[in-house]
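Participant: The structure that follows is given in the form of C-alpha cells.
The values are calculated or read from the model by the stated rules, or taken from the named source; none is laboratory data. In this text the structure is predicted, and so the values were computed from the model without any measurement. Methodologically, a virtual Cβ is constructed for each residue, glycine included, from the backbone with ideal geometry; neighbour enumeration extends over all protein chains shown.
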Amino acid sequence: MQFAIQWLVDKFSFLSPISILLLISLMFIVGTVVLLLAMLYEGLGTYALRKIGGDIQVRIGPNRVGPVGLLQFLADGVKLFLKEDIVPTVVDKKLFILAPFITFAASCAAFVALSYSDRLVISNLNIGLFYLLAISSLVVIGVIMAGWASNSKWSLLGGMRAAAQIVSYEIPIGLSLLSVILITQSLNMGEIIRSQSGGWGILNWHIFHNPFVFISFFIYFTAALAEVNQTPFDLPETESELVAGYFTEYSGMRFGFFFMAEWGEIFIVSAIAVTLFLGGWQLPIINNLDIHIYLKNLLQLGVFLGKTFLLIYLMLWIRWTLPRLRVDQIMYMCWKVLLPFAFFNIIGTGLWLLIFKGKGIPELVIQLFS
C-alpha cells in the first residue's frame, strides 16, 4: 500500500496533496463499485446456473429465498462472508493465500480491453485481442499455485489437470481466432467489431464470411468450454473424484474469489466470441436509428451484453446436458481433432482471401446475381 501511494505521489506530483487524496478516494470508490458489480454478476450467474439446471433436469431449483428464489445468491454471499476462513497448518501459507487473488485479478484485468459499445471502451488497446489472450493465461498460474500450496493429493491432481487442460486448449483457441485476424488485419477489439458493419446486416458478421471462419467459431467455443473448466471439461474440479479439485482446501471468501474468477472467465470467452464472430455491439436495427449518441451507445451495450449472455446460457445448457469426458478423451479432442482443424481453417481462410480478394460469401452471392 505504501509503495502504491508513493507511486501515485511521484506520478501526479503536479497535483496538490488534496487532489491526490481525492484521486485515491475516487480509485477506491471505482474499485469498490467494480467489485460489487462483479459479485452481483457472479451471484445472478449462480442463480441462473441452478435454475437452468433445475429446468433441464426437471427439478424445482432455488425457490425459498425471495420470489422464485431470486435472492438465493444473497444468502449464499452472506454465508461466504461469515464462513470461517480456514488455512490448514501444513500448507505453503504464502502461495495458498496469494493464489485466489492472482486468479481473480487476472480475470478482472481482462475486462479493460473489451469494446462494450462504439464509445464505451475502458482501454482502447491496439493489441487488445493479444492482451486478452495473454492476461487470461495468468489464471492457470493461480490454479497451479492453489493445487501445489494446498499440500493435498486432491488439490495437486486438480491443479495438474487444470494446467494440462488449460494450456493445451489455449492453442486451438488462439489458432481459431487467427482466421478472423486474417480478415480484419487488426487486433483492436473495436476495429474488429466495426469491420462487421455495412449494408448486409448480420450477414456482415465474420461467422458468415466464409466456411472456414464458420467452423473456427465452433472450434473456439468448444475450446473455450475447456478453458473455463465447464462440463464436459470440468476434470480439474470433478467432485466425484477430487472432491473439488484445486480449491478443495479453500473456504469462505477465498473460495468465493475462485468462483468469481471462473464466472469472469466465462464472460470473457463469451465476449471474445461475440466480438470476433457475432458482430459485437452491431445490430442493423440500432445502427440505422437516428437517436442521441449516448442513447445509441446504451442500446449497443445492451446488444453486446445480450449476445454474451446468450452464449453463457448455451454454456450452462451444455453443462447440464453432456456427461464428463475422461482425461485421455479431452487430450485427444484437443491435439488430434481441434488443433488440426484449426490449422486447416487458417490455411483455408488465407486461400479464400487470396482467391476471392477478401470478399465474403454475401458479397460473392450478390455479385453473382447482379
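Participant: Here is a check on your reading of the model: is Ile219 in contact with a Ser or Thr (Cβ under 9 Å, 6 or more places away or on another chain), surrounded by fewer than 24 Cβ atoms within 10 Å (Cβ to Cβ) and farther than 30 Å from Glu84 by Cα?
Facilitator: yes
Participant: On to the next question. Would you check which residues across segment 47-66 are under 24 Å from Leu310 (Cβ atoms) and without any contact (Cβ under 8 Å) to a residue 60 or more places away in the chain and list them?
Facilitator: The answer is Tyr47, Arg50, Lys51, Gly54, Asp55, Val58, Arg59, Gly61, Pro62.
Participant: Just to be sure before I move on: is Ala110 in the same structural domain as Ile144 (by TED's automatic domain parsing), more than 21 Å from Thr248 (Cβ to Cβ) and either among the charged types (D, E, K, R) or part of a helix (DSSP H, G or I) (or both) in the structure I sent?
Facilitator: The answer is yes for Ala110.
Participant: How many residues are modelled with pLDDT under 75 and not small (Gly, Ala, Ser) if we restrict to segment 229-255?
Facilitator: Number of matching residues: 7.
Participant: Quick check on my filter: what residues within segment 86-102 are of a type in the set (A, V, I, L, M) and assigned to a helix (DSSP H, G or I)?
Facilitator: Across segment 86-102, the qualifying residues are Leu95, Ile97, Leu98, Ala99, Ile102.
Participant: Right, here's the next one. Looking at this structure, is Ser176 touching a residue at least 40 places away in the same chain (Cβ under 8 Å) and surrounded by 23 or more Cβ atoms within 10 Å (Cβ to Cβ)?
Facilitator: Judged against the criteria, Ser176 is a match.
Every residue, every condition in (1) buried (at least 16 other Cβ atoms within 10 Å of the Cβ); (2) modelled with pLDDT of 80 or more, yes or no:
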| position | (1), (2) |
| --- | --- |
| Leu35 | no, no |
| Ile52 | yes, yes |
| Ile60 | no, yes |
| Arg64 | no, yes |
| Val68 | no, no |
| Phe81 | no, no |
| Asp85 | no, no |
| Pro88 | no, no |
| Lys94 | no, yes |
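Participant: Residues that are touching a helix residue (DSSP H, G or I) at 6+ places or on another chain (Cβ under 8 Å) and over 30 Å from Arg50 (Cα atoms), at least 3 per element: which helices (runs of 4 or more DSSP H) completely within segment 318-370 meet that?
Facilitator: 339-355
Participant: Follow-up. Filter segment 70-79 for residues that are within 14 Å of Leu40 (Cα to Cα) and either in a helix (DSSP H, G or I) or at pLDDT below 80 (or both) and give the result.
Facilitator: If the condition is that a residue be within 14 Å of Leu40 (Cα to Cα) and either in a helix (DSSP H, G or I) or at pLDDT below 80 (or both), then Gln72, Phe73, Leu74, Ala75, Asp76, Gly77, Val78 are the ones that fit.
Participant: A further question on this structure: Just need a number here: residues in segment 291-317 that are touching a helix residue (DSSP H, G or I) at 6+ places or on another chain (Cβ under 7 Å) and either outside any helix (DSSP H, G or I) or of a type in the set (Val, Ile, Thr) (or both).
Facilitator: 3
Participant: Moving on to the next point. Which residue pairs have Cβ atoms closer than 7 Å, lie 6 or more positions apart in sequence or on different chains, and pair a first residue in segment 278-291 that is without any contact (Cβ under 8 Å) to a residue 24 or more places away in the chain and under 15 Å from Ser117 (Cβ atoms) with a second residue that is part of a helix (DSSP H, G or I) and basic (Lys, Arg)?
Facilitator: Taking only residues 6 or more apart or on different chains, the pairs are Ile286/Lys296; Leu289/Lys296.
Participant: Could you say whether any residue in segment 307-322 is more than 20 Å from the chain's Cα centre (by Cα) and surrounded by fewer than 18 Cβ atoms within 10 Å (Cβ to Cβ)? Explain how you work it out, then say what you get.
Facilitator: Our first condition is that a residue be more than 20 Å from the chain's Cα centre (by Cα); within segment 307-322, this holds for 321-322.
Still in the running and surrounded by fewer than 18 Cβ atoms within 10 Å (Cβ to Cβ): 321-322.
Looking for residues that are more than 20 Å from the chain's Cα centre (by Cα) and surrounded by fewer than 18 Cβ atoms within 10 Å (Cβ to Cβ), one finds at least one in segment 307-322, hence yes.
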